[in-house]
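Where a number appears in this text, it was derived from the coordinates with a stated rule and is not lab data. Quick caveat: nothing in here was measured; it's all calculated off a predicted structure. All Cβ positions, even for glycine, are placed from backbone atoms using ideal geometry, and neighbour counts span all protein chains on display.
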Amino acid sequence: MKKLAELLVCFLHPVAVVLVWLNLVVRPELSGTAKIVWAVLALVPIVPFVYVLTGGELWESSKKSAIR
């Protein structure tokens with residue numbers, strides 16, 4: 001199950017980035033600079049980084065502490 005979640009994250013992040021970029025194209029209230037900043041920041045996969053840095057136990061440890 002853990003490997004399935006990791007694979008899902010690997011495939012969903014590029015899809016999310018493309019969706020962010022498409023959304024930025026149609027946002028008239030954002031300046032060009034703001035759009036560029038958001039486009040670059042969308043490339044950074046924050047959730048996968050947090051998942052890897054916590055060893056994949058970010059949510060599992062909270063379940064164990066709730067049971068005790």
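Once you treat every alpha carbon in region 1-40 as an equal point and sum by Debye, what is log10 I(q)/I(0) at q = 0.20, 0.21, 0.22, 0.23 Å⁻¹? Result of the Debye calculation: -0.62, -0.65, -0.68, -0.71.
Using R₀ = 25 Å, calculate the FRET efficiency as 1/(1 + (r/R₀)^6) where r is the Cβ-Cβ separation of ILE46 and MET1; round to 0.05.
Numbers: r = 22 Å, r/R0 = 0.89.
The formula returns an efficiency of 0.65 here.
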